Amino acid sequence: MAARAYWQGQIRLALVSIPVEIYSATRSGAAVQFRQIHEPTGKPISYEKVVTGVGPVDLDDIVKGYEVSKGEYVLLDQDEIDAVKLESKKTLELTQFVDASEIDVLYYEKPYFVVPADDLAEEAFIVLREALRRTKKVGLGQLAMRGREYVVSLKPCGRGMVLETLRYADEVHKAQGYFREIPDDKPDAELLDLAEALIDRKTAAFHPQEFHDRYVDALKGLIERKRKANGKKVIEDKGGAEPKSSNVVDLMAALRKSMGDKPKAAAKTPAKKAPARKPAAKKRA
């Protein structure tokens, strides 16, 4: 496999150990990277490691330090940090299984592909994968990678499995603090039907390749125009005034318009008939 394994170790389930390798399942997007430039000379600005009162220092003289009180640090060498004993550095022990729906989406952080480390590990790997698939469960455990220990989930993915690092409870904000002011009202039934119909109309299969970063495309276009302009200022043509934001006063009309329906004409109130006049009384002779 061309990629370099992010982690190598074993998955352990009771007395069964499965040697595996983990690879990053994602990569950084094609973001446009800018450098800071000294405008008078056009040269990039560099940064040096400096100490106040000393000046630039050699990289060999830099160690890691933890501030225990203001201005006081405990210094640690990298080999001392690497020597910290933690079983989860080499072993992911599956300690619990849950339904996938029990894990709130807020806890998921980053996915990794999991593959058997060698041919001997394939049988046990496939058994675990299919057991998870048939029971529709997600395995949970803890794994140490790159200087910290993560809670992780494990689930089937095609012929392999996907491991996802999860955030700890104290890393996730409580939703109540943000949603508290939203009223607990019941929506109008007809409005709800229209909204559901609009969702149904726009429902389709997810094809991630259909989406791309339009901002990156626009920046690349700007850079190319700037290059051709030989440094002259280039202002993006917005093609007219930006649409003004407005509150939707008539939600029903807006939903109907989204569905392509013509708004119903207001029913005309029938004109009131003039009250019938009583016949005039006949005069007596």
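Overview of values
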| item | result |
| --- | --- |
| Extension gain from Arg201 to Leu76, taking 0.36 nm per residue of separation minus the Cα-Cα distance | 39.0 nm |
| Residue-span extension gain [Thr26 to Ala83] - 0.36 nm each, minus C-alpha spacing | 17.6 nm |
| Whole-percent carbon and sulfur share, accessible surface of the stretch 4-102, 1.4 Å | 52 percent |
| Whole-angstrom gap from the stretch 150-219 to the stretch 28-82, using each part's C-alpha centre | 37 Å |
| Per-q log10 I(q)/I(0), the stretch 106-259, q = 0.19 Å⁻¹ (Debye; single scatterer per alpha-carbon; no solvent) | -1.18 |
| Nitroxide proxy distance, nm - points 7 Å out along Cα→Cβ at Arg180 and Cys157 | 3.8 nm |
| Per-pair calculated FRET efficiency, R0 = 35 Å: Leu191 and Val105 via Cβ, rounded to 0.05 | 0.85 |
| The stretch 87-182 - accessible surface per residue (Å², probe 1.4 Å) | 65 Å² |
| Mean Cβ count within 10 Å, highest first, over the residues of peptides 125-137, 170-182, 190-202 | 125-137, 190-202, 170-182 |
| Fraction of accessible area attributable to carbon and sulfur, the stretch 147-241 (%, probe 1.4 Å) | 55 percent |
| Local electrostatic count at Val162 - Lys and Arg +1, Asp and Glu -1, tallied over other residues with Cβ under 13 Å | +3 |
| Charge context of Lys85, other residues only, Cβ under 14 angstrom, K/R +1, D/E -1 | -3 |
| Of Lys186/Lys257; Lys43/Lys233; Lys64/Lys85; Lys85/Lys137; Lys90/Lys110; Lys64/Lys174, pairs whose Cα-Cα distance is over 26 Å | Lys85/Lys137; Lys64/Lys174 |
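The values are calculated or read from the model by the stated rules, or taken from the named source; none is laboratory data. For clarity, every value in this text was computed on a predicted model and none was experimentally measured. Cβ coordinates were reconstructed from backbone atoms using ideal geometry, including for glycine residues, and neighbour counts include every protein chain displayed. Quick note on the areas: whole protein, heavy atoms, side chains included, nothing else; ligands and nucleic acids left out. Shrake-Rupley method; radii C 1.70, N 1.55, O 1.52, S 1.80 Å.
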